[in-house]
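Down below is the structure, laid out as structure tokens.
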């Protein structure tokens, strides 16, 4: 395991360092004529400090005053987003330059003024960051109408509101949580679901800002249920997070299920890779569902939309997942699209259905580009006797306007 971590961090720092070196060199080539003679040391000192600020802030959280470590992490978070767009923009420019060597189509005046190209890049990336920061703070409501072809006792319909990947912490603080709680409650759901990464690594900010009191304001007929994602485990405080969420009136399901209103089952998976953080990891779904009556509708929360075959085999009717953020920063959605069969939206495979939300909050950069944070509103219609197939009923999905 230690060797795996060494390999992972070795690759990470190699890639991260190479990308930053590439950006730094291109920046110096563009702006070096604007710096006074002999000031290259200052440029590189500032650039290196910027590139290392996120890593330094995270490593120093236990050693520096919270405000200073938070400042470093905040600066570094924005740099991570800027680094992403600087890298892709500069690669595109270098491709154009290579084509120019063959085709000679760029005016000589442009080639002789690299600082103008550099300024254009900086302005473009700054504009993307400003838009992404605004976008990340203005969620929308995404609505699904789906059918589960089973009888649910006396229930013919169920109204669910799901909010994944909130990442409560220093970035998604109580000032962001309170409007979210109000909006969710205003939807008057029968059931509220939190499919993982509700808390960002540590309970420190959670407790300092009394977020339990805010979460306790969530109102739903059948209650609020949550599962753990990877971020509840990353900081090594999973048990503290579990306790605080339970105290906030949220039922946390960790490889267990509950029968609700005598009409349907809610299954909550524990994070499947918990062993990477010193935990036991998740059980086989067949073990989790022992004793469950599959003639009733089965709704499952699983943070990652992976290993879908398991849910299909065990008779899950609807799985709700998050985790992907839909890449959070375009074009990283290309990678989430390759990693997961569905990284956002609705998927149906026979009687099995999956809804993947891109989530409400952010990790790292408080920025979203190429996707919109969301609250998911689901109306489920229970139809027909147990065992009836899904038929040709198509789910209806629509996105509503910005919530705030």
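Laboratory data are not the source of any read-out in this text; all were calculated from the coordinates shown. Predicted model, so just to flag it, every value in this text is computed and none were measured. Cβ sites come from the backbone with ideal geometry, for glycine too, and all protein chains shown count toward neighbours.
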If you count, for each residue, the other Cβ atoms within 10 Å and average over each peptide, how do 127-138, 165-176 line up from highest to lowest?
165-176, 127-138
Against the longest alpha carbon principal axis of the chain, how many degrees, from 0 to 90 and to the nearest 10, is the axis of helix 66-103 turned?
70 degrees
Order of 69-76, 290-297, 346-353 by packing, highest average Cβ count within 10 Å first?
69-76, 346-353, 290-297
Can you give the log10 of the normalised intensity I(q)/I(0) at q = 0.24, 0.26 Å⁻¹, computed with Debye over equal Cα scatterers of the stretch 53-114?
-0.91, -0.98
Longest principal axis of the chain (C-alpha) makes with the long axis of helix 238-247 (C-alpha) an angle, in degrees to the nearest 10, of 50 degrees
Using only helices, what value at 222 nm comes out for the chain when you add -39,500 (n - 2.57) per DSSP H run of length 4 or more and divide by the total residues, to the nearest 500 deg cm²/dmol?
-13500 deg cm²/dmol
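What share of the DSSP beta bridges in the stretch 228-369 is antiparallel, in percent to the nearest 5?
45 percent
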On a 0 to 90 degree scale, rounded to 10, what angle separates helix 174-186 from the longest Cα axis of the chain?
40 degrees
Antiparallel bridge percentage (DSSP; both residues within the stretch 151-231; nearest 5)
10 percent
Ratio of the stretch 2-135's C-alpha Rg to 2.2 N^0.38 Å, to two decimals?
1.24
Plugging the Cβ-Cβ distance of residue 58 and residue 96 into 1/(1 + (r/R0)^6) at R0 = 60 Å yields, to the nearest 0.05, a FRET efficiency of 0.95
Report P(r) for the stretch 141-402: all Cα-Cα distances, bin width 5 Å, range 0 to the bin holding the largest distance, values in whole percent.
1, 6, 14, 19, 21, 18, 12, 6, 2, 0, 0
DSSP beta bridges in the chain, what fraction antiparallel, as a percent rounded to 5?
40 percent
Separation between the residue 145 and residue 402 pseudo-spin-labels, each 7 Å from Cα along Cα→Cβ, expressed in nm?
2.8 nm
Assuming R0 = 41 Å, what is the FRET efficiency of residue 33 and residue 13, from their Cβ-Cβ distance, to the nearest 0.05?
0.80
